[in-house]
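The values are calculated or read from the model by the stated rules, or taken from the named source; none is laboratory data. Quick caveat: nothing in here was measured; it's all calculated off a predicted structure. Note that each Cβ is placed from the backbone with ideal geometry, even for glycine, and that neighbours are counted across all protein chains shown.
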């Protein structure tokens, strides 16, 4: 594609990712930056499920993204760690036949653009280029895992926090061989769906437990979506969150005053009708479950259309 056009799209996306990095580093939170808590302990049942699963290790450092080039089809658990703030939000996508990294990067930049006029066309082209299969929002000292069912084919592992930079980090993963069928067992499921007459909403089924796996399912037609958890105070209301989201600038940056008390953790974007099971170092407490994705029809932040909810982690 034209390099001038790509550069412009990169600049527009930079605002959104800069806002994400503000949450990652603690800037923009009320008071001093929040230190990353130690990972939640893994119960015996979770440890057995994790060790029995077919696994792939992903490591993000200041210099590179380390990932295998091949794995087997079937249920696969990706274990991810990052050693450097500002890297390591590793996403997974399966390319359509005949598509490559350049095709994918172009459509992703437009689908996540801060220019609302670019989002609808970018979202449509992204559907025709690749299927987004989630991933993880994690931080140094806070590793995570996610399970995805892989079919034979070509996949991309890529770092969302570098796609707007001069050297976006990605690796090609070829899936081939005999299948496996083991993965993480969730205790709760969060579904994003569009409710007629109401709008996009998150629905919680089951019980969210600290350090235990949760399944995320995206059922919103024609819309990529993510699921993030951010710690909030016990007295924070949905009205408080709605008022905060309404003050967010269109460039994707965050207002100086924020209701968030922790770094965000969660699942990265899924295409429609896709699901992923993630295991995150969540602690017991009250969280906002939300997304920073934009409506594929008009480019408006989905949180401003009601796609957020308050959940308790036991």
So residue 154, is it in contact with a strand residue (DSSP E or B) (Cβ under 7 Å, 6 or more places away or on another chain) and without any contact (Cβ under 8 Å) to a residue 40 or more places away in the chain: no
Hits in region 194-221 - residues which are loosely packed, with under 15 Cβ neighbours inside 10 Å and either closer than 12 Å to residue 270 by Cα or in contact with a strand residue (DSSP E or B) (Cβ under 8 Å, 6 or more places away or on another chain) (or both): 195, 203, 205, 206, 207, 221
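So that you can scan it fast, the table gives a plain yes or no per residue for (1) in contact with a strand residue (DSSP E or B) (Cβ under 8 Å, 6 or more places away or on another chain); (2) at pLDDT below 95:
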position: 2; (1), (2): no, yes
position: 7; (1), (2): no, yes
position: 21; (1), (2): no, yes
position: 38; (1), (2): no, yes
position: 52; (1), (2): no, yes
position: 60; (1), (2): yes, no
position: 87; (1), (2): yes, yes
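Every residue, every condition in (1) within 22 Å of residue 62 (Cβ to Cβ); (2) touching a helix residue (DSSP H, G or I) at 6+ places or on another chain (Cβ under 9 Å); (3) surrounded by 17 or more Cβ atoms within 10 Å (Cβ to Cβ), yes or no:
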site	(1), (2), (3)
84	yes, no, no
90	yes, yes, yes
113	no, yes, yes
129	no, yes, yes
160	yes, yes, yes
184	no, yes, yes
192	no, yes, yes
Selection from region 171-189 of residues that are in contact with a strand residue (DSSP E or B) (Cβ under 6 Å, 6 or more places away or on another chain) and closer than 28 Å to residue 105 by Cβ: 171, 173, 174, 175
Residue in region 133-149 that is over 20 Å from the mean Cα position of the chain (by Cα) and surrounded by fewer than 20 Cβ atoms within 10 Å (Cβ to Cβ) present: no
Residue within region 289-300 that is touching a strand residue (DSSP E or B) at 6+ places or on another chain (Cβ under 6 Å), crowded, with 16+ Cβ neighbours inside 10 Å and in a loop (DSSP other than H, G, I, E, B) present: yes
Only listed residue being closer than 30 Å to residue 74 by Cα and either touching a helix residue (DSSP H, G or I) at 6+ places or on another chain (Cβ under 6 Å) or surrounded by fewer than 23 Cβ atoms within 10 Å (Cβ to Cβ) (or both), chosen from 253, 264: 264
